[in-house]
Amino acid sequence: MATFEDVRRLGMRLPEVTEGTFYGTAALKVRGKGFCRMWSEREYNRDDVHDSEVLVVFCEPEAKESLLDSYPEVLFSTPHYEGYGAMLIRLGEVDLEDLAEWLEDSYRRRAPAALLRRLDR
């Protein structure tokens, strides 16, 4: 079981990450671009999800369906994210190793090339 504190701790290891808000919820950003955020109360109600805290991360659109199929208890999507390179993580079900990997993948989709080179050194 993970919390936003785990998200923050793992995400802050990446170059130039700051904590802030994105769409009005707790988020991590790289050079001002959000790469993950918590779901808002409105989203929980809109999609009738109340079993876990939910984190939004970016992913490669071509890999999304495979990821969702491989981790059905942890990852999901809603109609709002159809056709979009983002997936939802149930923090109550995710292990920290997978969470760290998906956070880095999301970071890589938003960070500038110079920071990615720095990360890969």
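The values are calculated or read from the model by the stated rules, or taken from the named source; none is laboratory data. Quick caveat, the model's predicted, so the values are computed rather than measured. All Cβ positions, even for glycine, are placed from backbone atoms using ideal geometry, and neighbour counts span all protein chains on display. To get the accessible areas, we keep the full protein, side chains included, count just its heavy atoms, and leave off ligands, DNA and RNA. Shrake-Rupley method; radii C 1.70, N 1.55, O 1.52, S 1.80 Å.
Select, from L116, L99, the only residue that is under 21 Å from R13 (Cβ atoms), at pLDDT 95 or above and over 11 Å from the mean Cα position of the chain (by Cα).
Numbers: L99 fails: over 11 Å from the mean Cα position of the chain (by Cα).
Going through L116, L99 in turn, the sole match is L116.
Scan the range 102-113 for residues that are of a type outside the set (D, E, K, R) and either at pLDDT below 95 or closer than 21 Å to S66 by Cβ (or both) and report the count. Let's see the steps before the verdict.
Within the range 102-113, the first condition is being of a type outside the set (D, E, K, R), and the residues that meet it are 102-103, 106-107, 111-113.
Filter again for either at pLDDT below 95 or closer than 21 Å to S66 by Cβ (or both), leaving 102-103, 106-107.
Of the residues in the range 102-113, 4 are of a type outside the set (D, E, K, R) and either at pLDDT below 95 or closer than 21 Å to S66 by Cβ (or both).
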Over the range 10-68, the set of residues over 22 Å from E93 (Cα atoms) and of a type in the set (A, V, I, L, M, F, W, C) is L14, V17, F22, V30
With the first residue restricted to the range 1-26 and required to be free of Cβ contacts under 8 Å to residues at least 40 places away in the same chain, and the second required to be surrounded by fewer than 17 Cβ atoms within 10 Å (Cβ to Cβ) and assigned to a loop (DSSP other than H, G, I, E, B), Cβ contacts under 7 Å at 6 or more apart or on different chains are Y23/S40; G24/S40; T25/S40
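Here is a yes/no grid of residues against (1) among the hydroxyl-bearing types (S, T, Y); (2) in contact with a strand residue (DSSP E or B) (Cβ under 9 Å, 6 or more places away or on another chain):
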| position | (1), (2) |
| --- | --- |
| E53 | no, yes |
| E60 | no, no |
| Y81 | yes, yes |
| V94 | no, yes |
| A113 | no, no |
Which ranges mark the strands (runs of 3 or more DSSP E) fully within the range 2-121 that have 3 or more residues being of a type outside the set (G, A, S) and open to solvent by 10 Å² or more (accessible area, probe 1.4 Å)?
17-22, 33-38
Pairs under 9 Å by beta carbon, first residue in contact (Cβ under 8 Å) with a residue 40 or more places away in the chain and more than 17 Å from G83 (Cβ to Cβ) in the range 42-70, partner in a loop (DSSP other than H, G, I, E, B) and open to solvent by 40 Å² or more (accessible area, probe 1.4 Å), six or more apart or different chains?
D51/E93; S52/M1; S52/E93; E53/T3
